[in-house]
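What follows is a short report on a single structure.
The values are calculated or read from the model by the stated rules, or taken from the named source; none is laboratory data. Remember, it's a predicted structure, so these values are computed and weren't measured experimentally. Virtual Cβ from ideal backbone geometry, glycine too; neighbours counted across all protein chains shown. Each accessible area value is taken on the protein alone, full model and side chains, heavy atoms only, with ligands, DNA and RNA left out. Shrake-Rupley method; radii C 1.70, N 1.55, O 1.52, S 1.80 Å.
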There are 2 protein chains.
Amino acid sequence: MNINPYFTDRRTVRNYDANRKLSFEDITAMLEAASQAPNTGNMQIYSVVVTRDENLRRELSPAHFGQPSVMSAQAVLTFCVDFNRFEKWCRQRNAVPGYDNFQAFMWGVIDTIIFAQQFVTIAEMNGLGTCYLGTVTYNAPQIAEVLDLPERVVPVATVTVGYPATDAPKSDRLPIKGIVHDEKYHDYSPADIDEIYAEKEALPDSAKFIAENGKETLAQVFTDVRYKRDDNEYFSKVFSDFIKKQGF
Amino acid sequence: MNINPYFTDRRTVRNYDANRKLSFEDITAMLEAASQAPNTGNMQIYSVVVTRDENLRRELSPAHFGQPSVMSAQAVLTFCVDFNRFEKWCRQRNAVPGYDNFQAFMWGVIDTIIFAQQFVTIAEMNGLGTCYLGTVTYNAPQIAEVLDLPERVVPVATVTVGYPATDAPKSDRLPIKGIVHDEKYHDYSPADIDEIYAEKEALPDSAKFIAENGKETLAQVFTDVRYKRDDNEYFSKVFSDFIKKQGF
């Protein structure tokens with residue numbers, strides 16, 4: 001194996017250089033290459049909205065909880081599950097589509113994320129920085145309104161892109177043996193869990209997060225501060241209601 | 001932009017060379033590099049089961065509707081949303097997880113697919129061939145049984161991998177301007193749809209699919225043969241029941 005060092009060295013970039021412009025044509029060229037990534041039955045049930053206009057990005061900003069990368073990036077890309085185009089084609093060709101269901105939505109999510117991630121890899125290999133904004137599945141209704149998304153279109157990944165302003169830190173990862181299962185799934189013993197999370201828990205940043213948030217453990221920072229039950233349940237209802245409203 | 005030609009030339013490989021072996025260590029090395037891909041809050045809520053054993057692959061085969069790549073590949077990788085490991089960690093650290101909901105499942109799907117696609121890119125850039133099997137979201141319950149997947153673990157992508165036995169054909173794609181929207185979503189007129197699908201409909205394969213299936217249009221091959229309403233609705237129920245059973 002001769003793995004390109006880009007893959008192990010990559011990092012997420014949230015601060016962009018305002019002086020290095022990125023054209024719509026360059027973004028489209030990268031998206032075109034990314035669209036060669038695999039997809040379900042070659043239906044290509046996705047679309048991407050490339051938002052560069054500053055006023056429109058300002059309108060999107062609250063839906064992304066004001067994360068600064070929305071305004072500092074050269075473009076905000078909203079990757080959407082899109083059965084609108086495919087179903088219009090079916091109807092124009094005397095075919096009756098049956099894609100208003102959860103299984104079709106899942107194909108769409110999978111294909112859209114594959115497409116988005118292929119774009120991210122291509123952009124990063126070209127020296128660009130990118131950042132996924134998880135807020136897209138929280139505030140999909142507001143995003144749909146700003147971007148005029150019609151029925152059968154659901155945003156599932158937002159990626160900001162631009163040239164990096166500063167060196168971004170490399171993020172830690174769990175040891176790979178904690179994630180890979182040989183032949184079948186092997187459930188984790190308490191000792192396995194201690195071992196898998198030991199390195200992460202020993203990072204200086206972990207102690208800092210615990211102290212800043214007044215918690216006892218790093219896990220509590222996730223459960224009590226960053227990804228809380230009440231929020232998760234609230235945004236679960238918002239997103240599943242929205243998917244239904246969009247016709248799935 | 002200087003896009004690596006791999007991205008535009010890639011193709012899906014379903015036939016593998018039985019004589020060129022791929023070790024567990026090489027697969028793990030590629031997965032380790034892939035795990036540096038972005039994920040939600042660095043929770044890494046995914047696992048991958050690497051199945052190489054022939055008997056186990058034979059057990060998986062019916063769940064993938066007997067697609068030959070399951071048996072001819074060097075390995076079948078089942079990428080799963082995994083909150084089991086993360087929640088065990090939370091509980092061992094005096095933290096109460098709140099991830100038994102749809103929003104958490106969606107983060108898991110997104111992160112798992114990003115991880116899977118990064119693996120696919122790394123493998124293909126190393127001369128390997130890969131194929132996603134969409135059957136994973138149809139027959140998740142059977143796959144979970146063969147692979148011993150516990151509660152809070154849901155398979156969402158299956159990838160077969162091995163060295164290509166033959167040259168695989170490059171697959172067509174819609175013109176990128178049919179997928180990219182400038183600033184906001186611009187809905188499609190009937191003329192737009194005709195234009196976007198013209199090239200695909202003119203392919204010799206399209207005429208062949210229409211004739212083989214006794215249909216009038218290519219769209220009918222999708223709606224009446226390949227991805228039918230009855231099947232989609234049946235497998236929607238199977239998958240959403242399974243997700244609930246796994247605790248989301």
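With θ set to phi - 60° and the Karplus curve 6.51 cos²θ - 1.76 cosθ + 1.60, what are the ³J(HN,Hα) couplings of segment A:22-32 in order, to the nearest whole Hz, using x for Gly and Pro?
Along segment A:22-32, the couplings run 10, 7, 4, 5, 5, 4, 5, 4, 5, 5, 4 Hz.
Could you work out how far the C-alpha centroid of segment B:92-108 sits from that of segment A:1-34, in angstrom?
Centre-to-centre (Cα) distance: 31 Å.
Given contacts defined as C-alpha pairs under 8 Å and at least six residues apart, what's the relative contact order of segment A:1-97, whole-number percent?
Normalised by residue count, the contact order of segment A:1-97 is 32 percent.
Taking Cα pairs under 8 Å and at least six residues apart, what relative contact order does chain A come out at, in percent?
Normalised by residue count, the contact order of chain A is 26 percent.
Which value results when the Cα radius of gyration for segment A:33-72 is divided by 2.2 N^0.38 Å?
Computed over Cα atoms of segment A:33-72, the ratio equals 1.62.
Against the empirical 2.2 N^0.38 Å scaling, what ratio does the C-alpha Rg of segment A:69-149 come to?
Dividing the Cα Rg of segment A:69-149 by 2.2 N^0.38 Å gives 1.31.
Taking amide H positions as placed in the peptide plane 1.01 Å from N, state which residues far from residue A:157 in sequence (5 or more) or on other chains have amide H under 5 Å from it.
The answer is A:79.
Can you give the mean number of other chain Cβ atoms that lie within 10 Å of the Cβ atoms in peptide B:230-236?
Neighbouring Cβ atoms belonging to other protein chains average 5 per residue here.
Determine the shape class of segment A:153-201: with a ≥ b ≥ c the square roots of the Cα gyration tensor eigenvalues, call it rounded for a/c under 1.5, and otherwise prolate if a/b is greater than b/c, oblate otherwise.
Since a/c reaches 1.5 but b/c is at least a/b, the shape of segment A:153-201 is classed as oblate.
Can you tell me which lysines have their Cα less than 30 Å from the Cα of residue B:215? Leave out same-chain residues fewer than eight positions away.
The reachable lysines, counting only those whose Cα sits under 30 Å from residue B:215, are A:88, B:170, B:177, B:200, B:228, B:237.
Are there any residues in segment A:202-224 with a reduction of at least 30 Å² in accessible surface when going from the isolated chain to the assembly of protein chains? Probe 1.4 Å, please list them by number.
Relative to the lone chain, where solvent access is computed with a 1.4 Å probe, segment A:202-224 loses at least 30 Å² at A:217, A:219, A:220, A:222, A:223.
Give a residue-ordered list of calculated ³J(HN,Hα) values for segment A:128-142 (Karplus: 6.51 cos²θ - 1.76 cosθ + 1.60, θ = phi - 60°; whole Hz; x for Gly, Pro).
Running phi through 6.51 cos²θ - 1.76 cosθ + 1.60 with θ = phi - 60° gives 7, x, 9, 8, 6, 10, x, 4, 4, 7, 7, 10, 4, x, 5 Hz.
I want to make sure I understand the PRE zone here: with the label point 7 angstrom from the Cα of residue A:1 toward its beta carbon, which residues in segment B:119-141 have backbone N atoms less than 19 Å away?
B:119-132
Using a ≥ b ≥ c from the Cα gyration tensor of segment B:125-189 (square roots of the eigenvalues), is it rounded, prolate or oblate, where a/c under 1.5 gives rounded and otherwise the larger of a/b and b/c decides, a/b for prolate?
Judged from the Cα gyration tensor, segment B:125-189 comes out oblate (a/c at least 1.5, b/c at or above a/b).
Scattering from the C-alpha atoms of the protein assembly as shown alone, worked out with Debye: what is log10 I(q)/I(0) at q = 0.13 1/Å?
At q = 0.13 Å⁻¹ the computed log10 ratios are -1.36.
Return the Rg/Rh value of chain B, two decimal places, where both radii are evaluated on C-alpha atoms and Rh is the Kirkwood radius.
My calculation of the ratio gives 0.99.
I'd like to check one number: the per residue accessible area of the protein assembly as shown, probe 1.4 Å, reported in Å² as a whole number.
Computed with neighbouring chains in place, this is 39 Å² per residue.
Residue B:165's amide H: which non-local residues (gap 5+, or another chain) put their own amide H closer than 5 Å, with H modeled 1.01 Å from N in plane and none for Pro or chain starts?
The list, which skips near neighbours in sequence, is B:15, B:16, B:17.
Using a simple spin-label model with points 7 Å from Cα along the Cα→Cβ vector, what separation in nm is obtained for residue A:176 and residue B:226?
3.4
Taking K and R as +1 and D and E as -1, what net charge do the other residues with C-beta under 11 Å from the C-beta of residue B:53 add up to?
After counting each charged neighbour, the total is 0.
Considering chain B as a Gaussian network with a 10 Å cut-off on Cα pairs, which listed residue, B:63, B:123, B:191, attains the greatest mean-square fluctuation?
Per the Cα network of chain B with a 10 Å cutoff, B:191 tops the list.
So how many Å³ per residue does the convex hull of the Cα atoms of segment B:1-42 work out to?
Convex hull volume per residue, Cα atoms: 151 Å³.
Estimate for me the total accessible surface buried between chains A and B (protein heavy atoms, probe 1.4 Å, no ligands or nucleic acids), in Å² to the nearest 100.
Buried surface at the A/B interface: approximately 11100 Å².
Given a 1.4 Å probe and every protein chain left where it sits, what share in percent of the accessible area of segment A:31-143 is carbon and sulfur?
Ligands and nucleic acids excluded, carbon and sulfur reach 49 percent.
Taking a label point 7 Å out from Cα toward Cβ, give me the nm distances from residue A:205 to the same spot in the other copies, shortest first, one decimal.
When each copy's label point is compared with this one, the spacings are 4.2 nm.
Could you tell me what a quarter of the Cα convex hull surface of segment B:144-248 works out to, in nm² with one decimal place?
Taking a quarter of the hull surface, the average projection is 11.4 nm².
Tell me the net charge near residue A:12. Cut-off is 10 Å between Cβ atoms, residue A:12 excluded, with +1 for each Lys or Arg and -1 for each Asp or Glu.
+3
Please give the peptides A:6-17, A:209-220 ranked by average Cβ packing (other Cβ atoms within 10 Å per residue), highest first, as a rough proxy for protection.
Final packing ranking: A:6-17, A:209-220.
Would you calculate, for the protein assembly as shown, the mean residue ellipticity at 222 nm contributed by helices, counting each DSSP H stretch of 4 or more residues as -39,500 (n - 2.57) and dividing by all residues, to the nearest 500?
When only DSSP H runs of four or more count, the value is -13000 deg cm²/dmol.
Enumerate the calculated ³J(HN,Hα) couplings along segment B:115-127 in order (Karplus 6.51 cos²θ - 1.76 cosθ + 1.60, θ = phi - 60°), each rounded to whole Hz, writing x wherever the residue is Gly or Pro.
Couplings: 4, 4, 5, 5, 4, 4, 4, 4, 4, 5, 5, 9, x Hz.
Quick check: net charge around residue A:42, other residues with Cβ under 15 Å of its Cβ, Lys/Arg +1 and Asp/Glu -1?
+3
Need one number: the % of Cα-Cα pairs in segment B:1-79 sitting beyond the 17 Å mark.
61
Given a 1.4 Å probe, show me the residues in segment B:115-136 buried by at least 30 Å² of accessible surface when comparing the whole protein assembly to the chain alone.
The answer is B:117, B:118, B:122, B:125, B:126, B:132.
Find the relative contact order for segment A:30-157 and round it to a whole percent, using C-alpha pairs within less than 8 Å whose residues are 6+ positions apart.
Over segment A:30-157, the number comes to 37 percent.
Can you give me the C-alpha center-to-center distance between segment B:174-248 and segment A:42-58, rounded to a whole angstrom?
20
Sorted by average packing, counted as other Cβ atoms within 10 angstrom per residue and highest first, what order do B:35-41, B:165-171, A:83-89 take?
Put in order of decreasing packing, that is A:83-89, B:35-41, B:165-171.
Determine, from the Cβ-Cβ distance of residue B:234 and residue A:194 and an R0 of 45 Å, the FRET efficiency 1/(1 + (r/R0)^6), rounded to the nearest 0.05.
It comes out at approximately 0.55.
Which shape class applies to segment B:1-148: rounded if a/c is under 1.5, otherwise prolate when a/b exceeds b/c and oblate if not, where a ≥ b ≥ c are the square roots of the Cα gyration tensor eigenvalues?
oblate
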